[in-house]
Amino acid sequence: MPTLQLQLFGDFRLAYNDDLVTAVNQARLQSLLAYLVLHRDAPQARQRLAFLFWPDSSEAQARANLRQLLYRLQRVLPAADHFLQLDAKTVQWRSGAAFTLDVAEFQRYLVHAEEATRKADATTARTALQAAVAYYQGDLLAGCCDEWVLFERERWRETFLKALERLVLLAEA
C-alpha cells in the first residue's frame with residue numbers, strides 16, 4: 001500500500017513511497033497540509049480555514065483563496081483523494097489514510113515512555129524518550145510564519161524540552 005511520509009519538525013519534508021515530493025513547495029500549501037494532518041481527528045469547516053489562513057481578507061476573498069489552495073493541493077499531493085476528503089462545507093484528512101507523521105511518532109514514543117515510567121521500567125522509558133527526541137528535528141514548521149502554527153510550535157517545543165529533562169534525569173539515575 002502506498003504511503004505518505006510527512007516531516008513537520010524542522011524543515012518540511014514530504015515523500016510518497018520514499019520518493020521526495022518537491023511540488024508541495026509553497027509555504028502556504030505546506031501550512032495547509034500540516035494543519036489538516038495535525039487536526040485530522042475532525043472535519044475542518046471551510047469557513048474557519050478561510051478565516052484562519054486569510055484573517056485580513058474579506059470572507060469572499062478568503063473563501064476563494066482557500067478554494068484555489070485546495071485545488072493546488074489536490075493537484076500536487078500524490079494520490080490526493082486517498083488522503084483528503086473534501087465537500088462543500090468541510091475539509092478533512094481521511095481517517096485510515098496510509099501515512100507516517102514525525103509529530104505522531106514523537107507523541108507515540110512519549111506515551112510509551114510515560115507508560116514505562118508508571119510501571120517503573122526506567123530502561124524502556126529511557127529508550128522511548130531517546131526515540132522521541134530523535135524525531136524532533138527542530139521547531140514545528142520552522143519556515144512557516146502563519147499565526148496558527150505559533151501556539152503549536154511553542155507547545156511542541158515545550159514538550160520536547162520536558163522530554164529532554166526526563167531523559168537527563170533517567171541518564172543521571
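Couple of notes before you dig in:
- Protein accessible area in the chain, 1.4 Å probe - carbon and sulfur %: 50
- Per-q log10 I(q)/I(0), the stretch 62-107, q = 0.21, 0.32 Å⁻¹ (Debye; single scatterer per alpha-carbon; no solvent): -0.81, -1.18
- Three principal axis extents of the stretch 32-83 based on alpha-carbon atoms, in descending order, are 32, 23, 13 Å.
- Relative contact order (percent, whole number), the stretch 58-173, Cα cutoff 8 Å, 6+ residue spacing: 17
- Helix-derived mean residue ellipticity, 222 nm - over the chain, DSSP H n ≥ 4, -39500 (n - 2.57), to 500: -18500 deg cm²/dmol
- Per residue, the convex hull spanned by the Cα atoms of the chain measures out at 121 cubic angstrom.
- Solvent-free Debye scattering, log10 I(q)/I(0), computed from the Cα coordinates of the stretch 76-173 at q = 0.10 Å⁻¹: -0.39
- The residues of the stretch 31-170 present an accessible area of 56 Å² per residue when probed at 1.4 Å with all protein chains retained.
- Helix 27-38 vs. the chain, principal-axis angle (Cα, 0 to 90°, nearest 10): 60
The values are calculated or read from the model by the stated rules, or taken from the named source; none is laboratory data. Just so you know, these numbers come straight off a predicted model, no measurement behind them. All accessible areas refer to the heavy atoms of the entire protein, side chains included, with ligands and DNA or RNA removed. Shrake-Rupley method; radii C 1.70, N 1.55, O 1.52, S 1.80 Å.
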